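The values are calculated or read from the model by the stated rules, or taken from the named source; none is laboratory data. Just so we're clear, the structure is a prediction, and the values are computed from it rather than from any experiment. Cβ coordinates were reconstructed from backbone atoms using ideal geometry, including for glycine residues, and neighbour counts include every protein chain displayed. We work out accessible area using only protein heavy atoms, side chains counted, and drop any ligands, DNA or RNA first. Shrake-Rupley method; radii C 1.70, N 1.55, O 1.52, S 1.80 Å.
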Amino acid sequence: MSALTVKGLTTGYDKVNVLHDVSIDVAPGKITCILGANGAGKSTLIRAILGLTPPRQGQILWNGRDLAGEKTHKIVAGGISCIPEGRKIFPRMTVAENLALGAFLEKNSALVRERLEKVYTIFPRLKERAIQLAGTMSGGEQAMVSIGRGLMAEPQLLVIDEPSLGLSPLYVKENFNVIKQINAMGMTVLLVEQNARQTLAISHYGYVLSQGRVMAEGTAQALAANDEVRAAYFG
Ligand SMILES: Nc1ncnc2c1ncn2[C@@H]1O[C@H](COP(=O)(O)OP(=O)(O)OP(=O)(O)O)[C@@H](O)[C@H]1O
Ligand SMILES: [Mg+2]
């Protein structure tokens, strides 16, 4: 069974539909990616999953349960954590404070500290910089803060919206390595990206979204070898 299933999703803003009959499956324990150009509807798909832009048609099933009408905070409490586009860290708070925010649903401070130590094991750099103001960290370090904050919720599914956006090639590589590492530890990941080459290199299965429709899907190897996908995304 899939962890998350999107079935025939059509939705959008005001009078315009942005997504048309989109169906995807996110398999437990795997990295599933959504590739697409600017404006393809990638973030809208994430908004739909989080209940921010609810389906107009179709269904979103989480562990087999329809999320229709569910409030965003309930969906998050149910185990879906999202690392938003642009990272959205709090620049005037410290790294540790930013991370702690990711565990705001957990009231037991001992458990929060335990999770913090786990995140520091994955990102030793964040431990070194725990009391630095997050806004003064480098772009790549801020990306670590945002991923770390997502992990602090101990989700069952981590949804990541364009982690490579605005990062230098070295940081892109580092971040993708971290995502691969988190997945190897058992985390289910839905990765939304424009960077096809590196995304397919770490993904198991993927979908290509074009103007709000799924134009191709397949294993990462098959998509990487697909001529249409190559022409559109590998330059
Ligand atoms: N809040 C909104 N109100 C109205 N239209 C919106 C809103 N958010 C997005 N759109 C429109 O929906 C379409 C899809 O946008 P979306 O942000 O989902 O694309 P995306 O694939 O995430 O793009 P990018 O790679 O640039 O982040 C675009 O045409 C966009 O202008
Ligand atoms: Mg987007």
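Overview of values
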{"item": "Relative contact order [Cα under 8 Å, 6+ residues apart], segment 102-235, whole percent", "result": "18 percent"}
{"item": "Largest to smallest accessible area among Asp25, Asp227 [probe 1.4 Å]", "result": "Asp227, Asp25"}
{"item": "Of all DSSP beta bridges in the chain, antiparallel share, percent nearest 5", "result": "55 percent"}
{"item": "Accessible area (Å², per residue) of segment 159-235, counting only protein heavy atoms and a probe of 1.4 Å", "result": "48 Å²"}
{"item": "Solvent-accessible area per residue for segment 1-154 (1.4 angstrom probe, square angstrom)", "result": "49 Å²"}
{"item": "Hydrodynamic radius of the chain per Kirkwood, over alpha carbon pairs, in Å", "result": "18.0 Å"}
{"item": "Surface share of carbon and sulfur [accessible, 1.4 angstrom probe, percent] for the chain", "result": "53 percent"}
{"item": "³J(HN,Hα), Karplus 6.51/-1.76/1.60, whole Hz, each residue of segment 131-142, x for Gly, Pro", "result": "9, 7, 5, 4, x, 9, 6, 5, x, x, 5, 5"}
{"item": "Local electrostatic count, Gly36, Cβ distance below 14 Å [Lys/Arg +1, Asp/Glu -1]", "result": "-4"}
{"item": "Tilt relative to the chain, helix 109-122 - C-alpha long axis, 0 to 90 degrees, to 10", "result": "70 degrees"}
{"item": "Nonlocal amide H pairs with Ser23, under 5 Å, H built at 1.01 Å", "result": "Gly8, Leu9, Val214"}
{"item": "Set of lysines with alpha-carbon distance to Lys88 below 27 Å, sequence-local pairs under 8 removed", "result": "Lys30, Lys42, Lys71, Lys74, Lys107, Lys118, Lys127, Lys173, Lys180"}
